[in-house]
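These notes concern the structure reproduced below.
The values are calculated or read from the model by the stated rules, or taken from the named source; none is laboratory data. Computed from a predicted structure; not experimentally measured. Heads up, the Cβs are rebuilt from the backbone with ideal geometry, glycines too, and the neighbour counts pull from every protein chain shown. In case anyone asks, the SASA skips ligands and DNA or RNA and just uses the protein heavy atoms, side chains included. Shrake-Rupley method; radii C 1.70, N 1.55, O 1.52, S 1.80 Å.
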Amino acid sequence: MKKITLFAAVFTCCISFGQNKLGAFTGLNYSYFTDTPGGQVLAEESFGLQLGIVYEKEIAPKVHFRPKLMFSQQGDRTKTPATINFDPMVIGNGFEMDQIDKKLTYINIPLEFKFWNKIYLLAGPQLGFLINEKAMSSFSQDAKSDIDFGFNLGTGFTVNKLFFEVGIYQGLTTIYSYNYYATGSSVKANNGYARFTVGYLFK
């Protein structure tokens, strides 16, 4: 309940400075983990659903503030067989990143800025609240943080009241850490995903 109250309050504050455009959207994301922000990407066939609402307010010619409130399925949603560990110093303690095998569900609040109109760019920070976590393998570690912070970058175009967007998200918050099976060294895992969404602006 506290999480729901918090992200609802944040989004309400974002749209409380007047009325402009309001819409809804849905789409797919291809989620993955990275070992540190901008580092190596470990991607499996981990597709998830995104849906939510979007608010748009003009703050300057060809510049709009475009926050969203969205439900997002993320994480490593494909179960991977255990890696055979040949290092006696780390037997039983080592993993590959693709073995995290965690289905994560977030309520995300992207605080994006839109540049230009018909064809446009999107950029801005994102705040995410973890609302569900399900393990599918022996990697049973709980998420280190229920709040994820990162950055979005994307592009889109509009056709009448329809809009189509593609983009990427890179989390900056450490969600998991594990010992790499080959060396025993500690590795941090951050959220990331690529997305495609279709939406409609009501006004």
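Here are some notes:
- Count - residues of region 61-96 that are open to solvent by 30 Å² or more (accessible area, probe 1.4 Å) and either at pLDDT below 90 or at negative phi (or both): 23
- So Ile109, is it buried (at least 17 other Cβ atoms within 10 Å of the Cβ), under 15 Å from the mean Cα position of the chain (by Cα) and modelled with pLDDT of 85 or more: yes
- Annotation note: Cβ proximity below 8 Å between a residue of region 28-49 that is under 17 Å from Glu165 (Cα atoms) and open to solvent by 70 Å² or more (accessible area, probe 1.4 Å) and a residue that is outside any strand (DSSP E or B) and not small (Gly, Ala, Ser) (sequence gap 6+ or interchain) occurs for Phe47/Arg77.
- Condition check for Gly171: assigned to a strand (DSSP E or B), touching an Asp or Glu at 6+ places or on another chain (Cβ under 7 Å) and either farther than 24 Å from Asp76 by Cβ or open to solvent by 40 Å² or more (accessible area, probe 1.4 Å) (or both): no
- Scanning region 112-164 for residues that are among the small types (Gly, Ala, Ser), within 21 Å of the chain's Cα centre (by Cα) and open to solvent by less than 40 Å² (accessible area, probe 1.4 Å) yields Ala123, Gly124, Gly128, Ala143, Ser145, Gly150, Gly154, Gly156.
- Scanning region 174-203 for residues that are farther than 30 Å from Phe157 by Cα, surrounded by 18 or more Cβ atoms within 10 Å (Cβ to Cβ) and small (Gly, Ala, Ser) gives a single hit, Ala189.
- Among the residues examined, Leu162 qualifies as in contact with a Leu (Cβ under 9 Å, 6 or more places away or on another chain), more than 30 Å from Asp101 (Cβ to Cβ) and modelled with pLDDT of 95 or more.
- Selection count where residues are charged (D, E, K, R) and modelled with pLDDT of 95 or more, scope region 171-203: 1
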